[in-house]
Amino acid sequence: MFLTKVQLKLGWTKQQVATFIGIHIRTLNDWKREKFLMGFNAANRLSRKSCIQLPENIQIKEQYWYTTKGARKGGIASFRKQNGRIGDPILQKRAWKKWWEAKGKFDDNPIFRRKYVYLPTASMELAEFMGIMMGDGSLTARQITVTLHHIDDLAYSKFVTDLMRRLFRIRPSVYHSVKNSVNDIVLSRSELVTFLNSLGLPIGNKVRQQIDIPDWIKQNKAFATACVRGLVDTDGSVFTHSYTVNGKRYHYKKLSFSSRSEPLRVSVAQILADRDMSPRLDTSYNVRLDSIADMKKYFSKVGSHNPKHLKRYAQ
């Protein structure tokens, strides 16, 4: 009743009340239904704000008051279940192993079942995602991760997130690392890892395994173009080259793709050459496009979905 009175007195919505005391609206609903006890500080703030006195019969409990009660109930239940042998880790391990061998591993338990994931057919979007993964992506036994700079690639992160959602019909999680200044875009699906591995993405260190663009992509011109776009959008850069002739300053844009995998650099250079450009492999693990004409061809024939590259080229 107290919360209802406050809400009516202030003329606020439930969301406004929740925001004022810094909680989620779900928590407010739980308090109203008396599913959980309301915090005293929150009640006091609302009382002062609305000029409605706190109920006279309120009880103030110590923090974590419920743990002793809950632990006692759980302990009694475990004691009865284990015939008085509670607390013995060896007996617990033996009991679990006996259950697992006799029944557990045969049960169709959703805890052990692989989660459903949509596996797309070959397409330009899938080929571009393969390029993104070969650039700033990584595979572990159960996770797919794309790691991008939290500021420079923030807009591109949204594109990658939407691309993953369209391809696999799952919304990835995004985790921000303050220490490393990156956003990790993550999908946790064992079946998806197996699928991408079968398409040519290695699990583990890409450089040590000298990754290369898979043949199913290289043999299709549209797929190869999309894959290079994903590679350059992640591991490439657009920069301004400046020089002076007879006291006059000139500048124009260049493009560089960097990788310590030699087969990958060679494949990217070949795909660019097949599209009428003149890529240059330098001694610093780079594939370079140096001319104004090649830059125009690249952004016309390959293009970019990374706003950072588009902005630098247009400047």
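A short reminder: the numbers here are calculations on the coordinates, not readings from a lab. Every value quoted in this text rests on a predicted model; they were computed, and no experiment measured them. Using ideal geometry, Cβ is built from the backbone for each residue, glycine included, and neighbour counts are taken over all protein chains shown.
Listed here are the helices (runs of 4 or more DSSP H) enclosed by region 180-277 that have at least 3 residues being under 25 Å from the mean Cα position of the chain (by Cα): 190-198, 221-235.
Here region 231-274 is the region considered, the condition is being farther than 26 Å from Leu148 by Cβ and among the charged types (D, E, K, R), and the residue that is surrounded by the most Cβ atoms within 10 Å (Cβ to Cβ) is Asp274. If I filter region 193-204 for residues that are free of Cβ contacts under 8 Å to residues at least 40 places away in the same chain and either within 30 Å of Ser300 (Cβ to Cβ) or hydrophobic (A, V, I, L, M, F, W, C) (or both), do I get at least one hit? So far as region 193-204 goes, no, none of its residues is free of Cβ contacts under 8 Å to residues at least 40 places away in the same chain and either within 30 Å of Ser300 (Cβ to Cβ) or hydrophobic (A, V, I, L, M, F, W, C) (or both).
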